[in-house]
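Just so it is clear, none of the values below were taken in a lab; they were calculated from the coordinates. Just so it is clear, the model here is predicted, and its values are computed rather than measured. Every residue, glycine among them, receives a Cβ derived from its backbone with ideal geometry; neighbour counts consider all protein chains shown.
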């Protein structure tokens, strides 16, 4: 079935695949969560909230949707965790190969196994930046390697994994964790340089996987496993802005929104977070393009000046 609606209700001319720089893939899957259920309803709640959001971003002075955001049909595979991961991997890679900036909205965190695998196959020397309350480094959980508790195990073995905001983990995960690349929430509170330290640990190409339980439950209660002591809105934006400015963010996913019909604030936060991340990405690209244009103009001026001097001689 073809998607009828557009992301955030944007005009169809800003939503066609051919004209869009950005692709958004919804993945409404909640097959392996073990406490709060409802992440399969996350994409729909996120999209509904997005339709009620202002599309002008004050901070960046941009309307990023004009770069084109194509909303794909949702990935509805749910026969097994392994089948979901493979479907996400295949479809994500297809859009990356089409030269799109690919984003995903889950769904529980196990979907990121497939998205990370696709990006790792398409971009060299990849860093995966994980913002999360949980380490998610178990090799298997409840009989599957594609469980939400295993979401970053493969990334830990095959990419440069940088973990931010961690405050809950199993003792067994200490054995595989790279201590130098982990920023625990209790340490971040007393380290004014944690943002710079985290960015220094990254390579040039970065994929971001953002589990919404990285945020403090006072601002993000609607998630499957909320943990006290999380990130707040403006420190999160400050960090993301730095990452987008200093690194080549190649794509991202956002996961673990479990909507509560009696509290829409979490849905709206997720919508704003997604749009903010796009705004930072394409604002940074515009700055780079402007710098390149200035550089080209300076070269042209120099060539003309040399030519003028030769003519004078």
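Quick notes on this structure:
- Taking every alpha-carbon pair in segment 1-85 and binning the separations at 10 Å intervals from zero gives 16, 41, 29, 14, 1 percent.
- Tensor-based shape of segment 152-195 (alpha-carbon gyration tensor, a/c under 1.5 rounded, otherwise prolate or oblate): oblate
- Overall form of segment 140-285 per C-alpha gyration tensor (a/c, 1.5; a/b vs b/c): rounded
- Estimated from helices alone, the mean residue ellipticity of the chain at 222 nm is -12000 deg cm²/dmol (sum of -39500 (n - 2.57) over DSSP H runs with n ≥ 4, per residue).
- FRET efficiency for residue 204 and residue 170, using Cβ-Cβ distance with R0 set to 35 Å, rounded to 0.05: 0.65
- Förster radius 25 Å - calculated FRET efficiency between residue 265 and residue 97 (Cβ-Cβ, nearest 0.05): 0.10
- Ordered by the count of other Cβ atoms within 10 Å of each Cβ, fewest first, 94, 167 give 94, 167.
- Using alpha-carbon coordinates, inclination of helix 265-312 to the longest axis of the chain, degrees: 20
- Counting every C-alpha pair in segment 78-206, the share spaced more than 26 angstrom apart comes to 22%.
- Projected label distance in nm at residue 139 and residue 13, using a 7 Å step from Cα toward the beta-carbon: 5.6
- Computed with the Debye formula from one identical point scatterer per Cα of segment 108-167, without solvent, the log10 of I(q)/I(0) at q = 0.15 Å⁻¹ comes to -0.39.
- Relative frequency of Cα-Cα separations exceeding 20 Å in segment 1-151, percent: 52
- For the chain, the longest principal axis of the alpha carbon atoms and the long axis of helix 111-122 meet at an angle near 30°.
- Hydrodynamic radius by Kirkwood, which averages 1/r over all alpha carbon pairs of segment 178-247, in angstrom: 13.1
- Here the ratio of the Cα radius of gyration of segment 193-233 to 2.2 N^0.38 Å is 1.40.
- Under the Debye formula (equal points on every Cα, no solvent term), log10 I(q)/I(0) of the chain at q = 0.07, 0.11, 0.12 Å⁻¹: -0.28, -0.64, -0.76
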